[in-house]
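Here, each number is a calculation from the coordinates, and none is a lab measurement. These numbers were taken from a predicted model, which means no experiment stands behind them. A quick note on method: Cβ atoms are made from the backbone with ideal geometry, for glycine too, and the neighbour counts reach across all protein chains shown.
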2 protein chains.
Amino acid sequence: MPDTARISRIRSGRRTDIRQQNERLILEAAERVFAEAGFGGATMQLIADMAGLPKANLHYYFPTKEALYRRVVQNIFEIWLDAASSFDGAAGPVEGIGAYVRAKMDISRRHPHGSKVWAAEVMHGAPVIQDYLETTLRAWTEGRMAVIQRWIDEGKMAPIDPRHLLYMLWATTQHYADFGHQIETLNAGEALSDRQWREATESVTQIILRGIGAI
Amino acid sequence: MPDTARISRIRSGRRTDIRQQNERLILEAAERVFAEAGFGGATMQLIADMAGLPKANLHYYFPTKEALYRRVVQNIFEIWLDAASSFDGAAGPVEGIGAYVRAKMDISRRHPHGSKVWAAEVMHGAPVIQDYLETTLRAWTEGRMAVIQRWIDEGKMAPIDPRHLLYMLWATTQHYADFGHQIETLNAGEALSDRQWREATESVTQIILRGIGAI
DNA sequence: TCGCATCCTGACCGTATGGTCAATACGAAG
DNA sequence: CTTCGTATTGACCATACGGTCAGGATGCGA
């Protein structure tokens, strides 16, 4: 029924806007609350207050707390996977890994809440995204490991175990989001400035690129 | 009243054993449950079941859930600080950082639950250990930064920002505990073997030591 | 055996939370 | 103005949870 579909889409143009806007509002609030309180510590009431909506309205858009949480985790996972593009099409480790570190540090700065939700989800045994780990993430990882191995074979870097290099990249970049509070405390209670973020990115990139013998 | 104190200590020798044993039992169960479910998701009932004690008994030894949680976090913090000794008295970065990485990887393997509880606590804004961060951790960090800076001045390693090097050490080593489930999933669902732990430690050590120009 | 401190625990309570629902408001189309 | 699908919301409910408490068990010293 292309007709009714089109009509419905046209007719509900305004309504669709409301739906999208409210869903976005709720998802942003949820991301923050889940990150700061954890799944168990987060309450629908708190998310509702932060989104400026009555609690019952949340259940109109998301049937359960778990469904809302699931969407938040999925959103993060997609953002996170997008950074993969920085890795691809690079001639060697200096460009590829350099770009990847920069992209991931950028995500840590722009989506600290999302990174924390992801970290907590994995720490709890990945109850809702286990299948993603086993399919998408595993495939992604194997693909990049192959790329790194090729660089090694081509003599563009030292013979490092690609797996542990990837873990190191993830750990180091995500640390600036997940442990942002600790870093801030050790920075005299101040959030990192633009300059400090640049220095952090630079330090990480330098140590790793030199560490794998690409410089 | 040293007399009564001594008498009491002697008389309750057996009782003290019971107390210590039960507290340890509860703390171990709590560490596991807090790590797997988070503070909000953990229930006293679940901890009690895992410890093999009735719930009311938990409240006999620990007045509140928060008090129990606080003890768990403090325990981890102490274990974690002990790894500092590996850092001290080292002639240079190869010995010092090498030993530190080995010690921290060992902690990640032996106390994965503790590491996760610590990570979650920091991610939530360190509600119960903020003062530790501002005092003990800050002092510890500044001390090690000075050591690293000295090594740099002595030409034993490249001029890396000591702060970001420390963050990198923490991030990388703790990743093997905090994201252990993800690592396991990417390892065909198998926990890392002795050999794989050794390889991981070796990879991390190699990349970092080469990355800071100490090799 | 008795007294006493420690330890144990089933039953209970107040509260907070996720979720439901019926009633209502809204707004576009005809 | 009427109709109808969508969006809104206050009131409500069942449940689960942290915490309490009174009564009892245990075991050691005198």
Number of Lys pairs (Cα under 23 Å; 8 or more positions apart or on different chains) in the protein assembly as shown: 11
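Where the eigenvalues come from the Cα gyration tensor of the protein assembly as shown, what are the semi-axes √(5λ) of the equivalent ellipsoid, largest first, in whole Å? Numbers along the way, then the final one.
Details: eigenvalues 267, 234, 77 Å².
Largest first, the protein assembly as shown gives 37, 34, 20 Å.
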At 7 Å out from Cα toward Cβ: B:MET145 inter-copy label distances (nm, ascending): 3.8
At most 11 other Cβ within 10 Å, DSSP loop - GluC sites (Glu not before Pro), region B:122-215: B:GLU154, B:GLU190
Distances in nm from A:ALA191 to the matching label points in the other copies, shortest first (labels 7 Å along Cα to Cβ): 4.1
Per-copy distances of the B:GLN130 label point, shortest first, in nm (7 angstrom along Cα→Cβ): 3.7
In region A:103-203, chymotrypsin sites (Phe, Trp or Tyr not before Pro) in a DSSP loop with at most 10 other beta-carbon atoms within 10 Å: none
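Give, as a single signed number, the net charge of other residues whose beta carbon lies under 14 Å from the beta carbon of B:GLY143, with Lys and Arg counted +1 and Asp and Glu -1.
Taking every other residue near B:GLY143 into account, the sum is +2.
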Calculated [θ] (222 nm, deg cm²/dmol) that DSSP helices of n ≥ 4 give over chain B, each run adding -39,500 (n - 2.57): -24500 deg cm²/dmol
Euclidean distance of C-alpha centroids, region B:90-110 and region A:13-63, integer Å: 44 Å
Value of relative contact order over chain A, rounded to a whole percent, pairs C-alpha under 8 Å and six or more apart: 21 percent
Pairwise FRET efficiency - A:ILE79 versus A:GLU184, Cβ, R0 = 22 Å, nearest 0.05: 0.50
